[in-house]
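See structure below.
Computed from the coordinates by the stated procedures, all read-outs in this text should not be read as laboratory data. The structure displayed is predicted, hence computed values, not measured ones. Positions of Cβ are backbone-derived with ideal geometry, glycine not excepted, and every protein chain shown enters the neighbour counts.
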Amino acid sequence: MDHNRDMSLFKQVKNDDNNAFRRLFQKYFPPLYIFAKKFLEEEAAKDIVQECFFNLWKNRKKIELTTSLSAYLFVIIKNSCCRQLKELNEKNCRTDGFLLNLKEEECQYYIQSEKSILEFDIRDRAIQVLNKLPDNCHRVFCESRFNGLSNKEIAEKYNISVKGVEKHISKALKLFKEEFRDIINF
């Protein structure tokens, strides 16, 4: 999946691989630039994104990702754009008011965009965990969590013991805990 490829590339970047960094740059510069242009003029947007990649390379050894690389980069760009807009506003350098007075609904749109990126990352990781589960474990866990069946109902449906159902659910939950330990304290 894309998340795994990105994490693999980022590990290579952390090990000083210029080609891996170039691939990440080529993949993410266009969408990050388009996103930054929603806040800033073209040159400023370009500068912000280039600075993001410069800092990514400079700090590559120190960065520990707790979410997807995509979400991490978009949050950095959003924060950098907001910081620059705040500085411009404080200095009163802009008289035309371009994007300094973002409407409430525009602000909410960008907040929702960031939230959507993070939700997509979590959903993607959850699907990966489900796909790692053995068939019986996957089936039992889905019946329990998504279809709302009790352990007894699942046991009867699949002709296994209630203890067997509990073991499958425990195994699935253990895998979820391992995958999400970086963002959730169980």
message = What does the net charge come to around Cys142 if you take all other residues with beta carbon closer than 14 Å to its beta carbon, with K and R at +1 and D and E at -1?
response = +2
message = Given axes a ≥ b ≥ c from the Cα gyration tensor, I'd like to know whether segment 133-186 is rounded (a/c under 1.5), prolate (a/b larger than b/c) or oblate.
response = prolate
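How long are the semi-axes of the equivalent ellipsoid of segment 1-85, defined as square roots of 5 times the Cα gyration tensor eigenvalues? Whole Å, largest first. Before the final figure, lay out the partial values.
Values: eigenvalues 97, 30, 29 Å².
Ellipsoid semi-axes (Å, largest first): 22, 12, 12.
Just order 150-162, 75-87 by mean Cβ neighbour count inside 10 Å, highest at the front, would you? Display every interim value, and only then the final one.
Working: 150-162: 14.1, 75-87: 16.6.
Descending mean neighbour count gives 75-87, 150-162.
Calculate the dipole size of segment 16-91 relative to its Cα centre from +1 charges on Lys and Arg beta carbons and -1 charges on Asp and Glu beta carbons; express the result in debye to the nearest 20. Kindly include the intermediate steps, with their values, before the conclusion.
Values: 14 positive and 10 negative charges, 42 e Å.
Charge dipole, segment 16-91, about its Cα centre: 200 debye, nearest 20.
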message = Explain nothing, just compute: Karplus ³J(HN,Hα) = 6.51 cos²θ - 1.76 cosθ + 1.60, θ = phi - 60°, for every residue of segment 156-171 in order, whole Hz, x for Gly and Pro.
response = 5, 5, 9, 6, 10, 6, 4, 4, x, 4, 4, 5, 4, 5, 4, 4
